[in-house]
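One structure is given here, and the rest of the page talks about it.
The values are calculated or read from the model by the stated rules, or taken from the named source; none is laboratory data. Not measured: the values here are computed from a predicted model. Here the Cβ positions follow ideal geometry from the backbone for every residue, glycine too, while neighbour counts run over all protein chains shown.
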Amino acid sequence: MTRKAVKYSPGEIGRVKVIEDFLPSPADLVPQEDNVKVTLALSRRSLEFFRREAKKRCVPYQRMICALVDVYAEKKAGGR
């Protein structure tokens, strides 16, 4: 059994009006920065803290550490 494709036309459909897509693309939602990989030695206590907190929030712990460093650098740079 084949299905017919539904075709929408501009204009009103009853009380509903079709409008142009105004949302940004997913790529535009994620800021792209020039990242550099580094090796960083952390205390076991600090690493365990970030792993624990990241697990609670279902995010990678590396992302939390990067965000912390970014916020610190931004504040110290005076918000530039």
Review point. In segment 56-80, what residues are of a type in the set (D, E, K, R) and within 17 Å of the chain's Cα centre (by Cα)?
Key: 57, 63, 70
Check your understanding: Which condition breaks for residue 49 when tested against (1) within 14 Å of residue 66 (Cβ to Cβ); (2) part of a helix (DSSP H, G or I)?
Key -> (1)
Exercise for review: Name the one entry in 59, 30, 18 that is surrounded by 10 or more Cβ atoms within 10 Å (Cβ to Cβ) and modelled with pLDDT under 85.
Suggested key: 18
**Study point:** Breaking point among (1) surrounded by 10 or more Cβ atoms within 10 Å (Cβ to Cβ); (2) in a loop (DSSP other than H, G, I, E, B); (3) of a type in the set (Gly, Ala, Ser), for residue 54
**Key:** (2)
Review point. Which residues, counting only those in segment 62-76, are exposed (fewer than 11 other Cβ atoms within 10 Å of the Cβ) and either over 19 Å from residue 30 (Cβ atoms) or in contact (Cβ under 8 Å) with a residue 12 or more places away in the chain (or both)?
Key: 72, 73, 75, 76
